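Asker: Would you mind keeping the following structure in view while I ask a few things?
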Amino acid sequence: YTQIKEDGVILYDSGKFKLTRRRKLNFAEIKQQAEEYFEDKFKKANSFLRSANHDYTDKDYQMASFHLHQACENYFYAIRLVYTQQNNKQHNLTKLLKSVKTYSNDFIKIFPQDTPEAKRLFELIKSAYVNGRYDPDFVVTKEDIDALIPKVEMLRELTKEISEKKIEE
């Protein structure tokens with residue numbers, strides 16, 4: 001909420017009230033906020049994953065790639081918010097992955113960069129944020145989505161596992 005205070009624009013000020021000063025949260029407040037953040041972002045990510053599966057059924061592989069990107073983005077946001085309560089707006093999956101990979105070594109199993117094909121698939125899902133919606137020449141095949149959906153499902157499970165563990169902590 002402090003980001004809103006710092007970056008927001010006051011539309012009207014009656015002069016009768018002041019925004020609360022920033023303070024450190026106690027553990028119960030941190031836990032509650034982490035639970036709320038997790039629930040919100042995890043639910044959104046799951047919705048995007050369902051949309052990707054629906055697009056896949058409709059053979060709309062471009063939109064499936066976009067929805068898979070959005071699912072990944074929200075899973076990463078969920079993790080980052082649970083661990084730090086900070087969410088700088090970011091759509092670049094490389095940067096988002098980098099921001100959360102210290103919380104688990106299993107991210108390398110989901111998005112390895114050890115082969116040209118693994119790199120290509122990650123670049124494809126990364127570029128789907130813009131190209132999946134706007135570039136009619138953006139090529140996404142059924143095989144690409146067949147390879148990406150299990151990765152995003154693994155990310156969902158890892159997100160759930162490490163976020164719930166942190167919240168309990």
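Asker: Which condition number does residue 57 fail, the rest of (1) out of contact with any Gly (no Cβ under 9 Å at 6 or more places or on another chain); (2) open to solvent by less than 70 Å² (accessible area, probe 1.4 Å) being met?
Answerer: (2)
Asker: Which numbered condition trips up residue 82, out of (1) in a helix (DSSP H, G or I); (2) of a type in the set (Val, Ile, Thr); (3) over 30 Å from residue 27 (Cβ atoms)?
Answerer: Evaluating residue 82 over (1) in a helix (DSSP H, G or I); (2) of a type in the set (Val, Ile, Thr); (3) over 30 Å from residue 27 (Cβ atoms) leaves (3) as the failure.
Asker: Scanning for something within 24 Å of the chain's Cα centre (by Cα) and either crowded, with 22+ Cβ neighbours inside 10 Å or part of a loop (DSSP other than H, G, I, E, B) (or both), does region 7-21 turn up at least one residue?
Answerer: Checked region 7-21: at least one residue is within 24 Å of the chain's Cα centre (by Cα) and either crowded, with 22+ Cβ neighbours inside 10 Å or part of a loop (DSSP other than H, G, I, E, B) (or both).
Asker: A further question follows. Can you run down the residue pairs with Cβ atoms below 9 Å, 6 or more apart or on separate chains, where the first is in region 78-96 and in contact (Cβ under 8 Å) with a residue 40 or more places away in the chain and the partner is open to solvent by 50 Å² or more (accessible area, probe 1.4 Å) and assigned to a loop (DSSP other than H, G, I, E, B)?
Answerer: From region 78-96, the pairs are 85/25.
Asker: Continuing with this model, one more query. Can you give me the ranges of the helices (runs of 4 or more DSSP H) entirely in region 90-169 with at least 3 residues that are surrounded by 15 or more Cβ atoms within 10 Å (Cβ to Cβ)?
Answerer: 93-100, 116-134, 142-168
Asker: Is at least one residue of region 71-87 farther than 29 Å from residue 126 by Cβ and either open to solvent by 40 Å² or more (accessible area, probe 1.4 Å) or in contact with a Ser or Thr (Cβ under 6 Å, 6 or more places away or on another chain) (or both)?
Answerer: no
Asker: Does region 11-67 hold any residues that are closer than 19 Å to residue 130 by Cα and among the aliphatic types (A, V, I, L, M), and which are they?
Answerer: Hits for region 11-67 are 45, 49, 52, 63, 64.
Asker: Do we have any residue at all in region 56-69 that's assigned to a loop (DSSP other than H, G, I, E, B) and touching a residue at least 12 places away in the same chain (Cβ under 8 Å)?
Answerer: Looking for residues that are assigned to a loop (DSSP other than H, G, I, E, B) and touching a residue at least 12 places away in the same chain (Cβ under 8 Å), one finds at least one in region 56-69, hence yes.
The values are calculated or read from the model by the stated rules, or taken from the named source; none is laboratory data. Being a predicted model, the structure only gives us computed values, none of them experimental. So basically every Cβ, Gly included, is an ideal-geometry build from the backbone, and we count neighbours across all protein chains shown. Keep in mind that these areas ignore ligands, DNA and RNA; they rest on the heavy atoms of the full protein, side chains included. Shrake-Rupley method; radii C 1.70, N 1.55, O 1.52, S 1.80 Å.
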